[in-house]
Amino acid sequence: MASRGSWHASLSRDQVSIYVSLLLLFTRRLCTEFVDPLTIEPIIANRLIPLDKGNGEVRPIGVGEVIRRIIGKCITRVTKQDVINARGAMQVCAGQKSGGEAGIHAMHNIFEADETDAALLVAASNALNSLNRAAMLNNIRVLCPLIGAYLINTYLVPACLFVVGGSELKSTEGTTQGDPLAM
């Protein structure tokens, strides 16, 4: 019996090679052609985690399954430079190690500078959950067509969100938490 964390110990090299080859073929297909959304529904479905915002409000966070996250990371690795070129100067998440942290440090330095008299705090909404998918898919086809087919395949149709207790919702806007291509 394989110990926790070493499930692969029970697979032969040939089996692992077959699984990797199948994942590669599937990923290539998602990136190069449009597929029937029903055939990939299990991969684009998400577990719904209700995040307590306080004051009785809940933010629904749809967490993508591991296989989708692996596929996204592989695509990101191959298309990294194209994504960086398409992102624009103000996007700190794409292509920069700890980009969000760098943005925080830059604002801290501005705030601490002697010539700074004031700082304006703007409360932004959760952009990942309020993104208009139709606009995103249209823009990505123009700005970074290399990942357009994949994003159309994974975001064109509302994804199922499975809630603890057996209920189900549909995700019609925004992107999936943990999807490397969602940024």
Checking residue 154 against (1) at pLDDT 85 or above; (2) over 19 Å from residue 45 (Cα atoms), the condition it does not meet: (2)
Segment 30-60 - residue that is at pLDDT below 80 and under 19 Å from the mean Cα position of the chain (by Cα) and, of those, nearest to residue 165 (Cα to Cα): 50
Qualifying residue in segment 105-125 (condition: surrounded by 12 or more Cβ atoms within 10 Å (Cβ to Cβ) and either modelled with pLDDT under 80 or of a type outside the set (Gly, Ala, Ser) (or both)): no
Whichever residue in segment 61-72 is among the hydrophobic types (A, V, I, L, M, F, W, C) and touching a strand residue (DSSP E or B) at 6+ places or on another chain (Cβ under 7 Å) and, among such residues, is modelled with the lowest pLDDT: 61
Long-range neighbours under 6 Å by Cβ, at least six apart or interchain, first residue touching a residue at least 24 places away in the same chain (Cβ under 8 Å) within segment 154-172, second among the β-branched types (Val, Ile, Thr) and surrounded by 14 or more Cβ atoms within 10 Å (Cβ to Cβ): 154/44; 159/44
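The values are calculated or read from the model by the stated rules, or taken from the named source; none is laboratory data. These numbers were taken from a predicted model, which means no experiment stands behind them. Methodologically, a virtual Cβ is constructed for each residue, glycine included, from the backbone with ideal geometry; neighbour enumeration extends over all protein chains shown.
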